[in-house]
Amino acid sequence: MQVIKKYKWTWILLGIALIMAVYLMWNTAFASQEKLPEIREIQSFSMENVDGRNVSLADTQGKVRLFYFYFTSCPDVCPITTFTLSQVQDLLKEDGTFGDKASFVSISFDPKVDTREKIKTFADRFHADYSGWYFLRGDMDKTKQLAKESFQILIEGENKDDFAHMNMIGLVDENNQLRKVYNAFNTEDVQPEVIAEDIRRLIKE
């Protein structure tokens, strides 16, 4: 009894610490189960794939998808972000998710320069698996419109010398609903493990 009185505050502090630990564990578990919000529906499109086939939004439907707008002559952010996507690809291939339940859609907004051959050379640098990764090209104005209206991604300029674009990645669910937009300038936001886990969460919904 005297021991309890002597260390009363120690026991109280330990009790508080235990309660806080349980609360944090419960709060973290609960937060991880919260669904990502539905932001908006993605507009339909039809573009040329790197293999020459036309690919529409409907062709990609039924899988969780990452959308990224880029151009192959980009001197900085596009290659870096595409490398990040390749890391996400590798993580999803480990459990058989990539290609089966998830796919990527990279869309060039510089179709005059970005021929199928040039796009393939770019994609091969990052070991892209074409069974689940579409590399598309289409009309520049329609591509800019898709980026702006579906993803709120602004693309300005008319050629590789004056392009200015927001470097974002869109996460789209099986039903063409945009669920999250990653700021690729934020290294914490675009960690491959984080993106891969978000994709797995959507697949489980």
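The values are calculated or read from the model by the stated rules, or taken from the named source; none is laboratory data. It should be emphasised that the depicted structure is a prediction, and the values quoted were computed from it without experimental measurement. Reconstructed Cβ throughout: ideal geometry from the backbone, glycine too, with neighbour counts over all protein chains shown. What goes into the accessible areas is simple: the full protein's heavy atoms, side chains included, and nothing from ligands, DNA or RNA. Shrake-Rupley method; radii C 1.70, N 1.55, O 1.52, S 1.80 Å.
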Inset, instruction - Give the percent of DSSP beta bridges with both residues in the stretch 40-204 that are antiparallel, rounded to the nearest 5. - result: 60 percent
Legend entry - Neighbourhood charge, 10 Å Cβ-Cβ cut-off, centred on LYS118 and excluding it, Lys, Arg +1 and Asp, Glu -1: 0
Inset, instruction - Could you order HIS165, HIS127 so the one with the most accessible surface comes first? Probe is 1.4 Å. - result: HIS127, HIS165
Legend entry - In Å², nearest 10: area of ARG200 left accessible to a 1.4 Å probe: 60 Å²
Legend entry - R0 of 25 Å, Cβ-Cβ distance LYS148-ASN186: FRET efficiency to nearest 0.05: 0.75
Legend entry - Cα-projected label distance for ARG116 with SER73, points at 7 Å along beta-carbon direction, nm: 2.2 nm
Legend entry - Largest to smallest accessible area among MET168, MET47 [probe 1.4 Å]: MET168, MET47
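Gain in length, LYS35 to GLN177, computed as 0.36 nm per residue apart minus the alpha-carbon separation, to one decimal in nm?
Gain on extension, LYS35 to GLN177, equals 49.8 nm.
Determine the alpha carbon to alpha carbon distance for each of LYS63/LYS144; LYS144/LYS180; LYS118/LYS148; LYS35/LYS93; LYS35/LYS118 and list only those over 27 Å.
Over 27 Å apart, Cα to Cα: LYS35/LYS118.
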Legend entry - Heavy-atom accessible area ranking, 1.4 Å probe, most first, across LYS63, LYS118, LYS142: LYS142, LYS118, LYS63
Inset, instruction - Could you please state how large a percent of the accessible area of the stretch 33-95 is carbon and sulfur, counting protein chains only and using a 1.4 Å probe? - result: 45 percent
Inset, instruction - At 1.4 Å probe size, with no ligands or nucleic acids counted, give the accessible surface of LEU154 in Å², nearest ten. - result: 80 Å²
Inset, instruction - Provide the net charge surrounding ALA128, with neighbours chosen by a C-beta distance below 15 Å and charges set as Lys +1, Arg +1, Asp -1, Glu -1. - result: +1
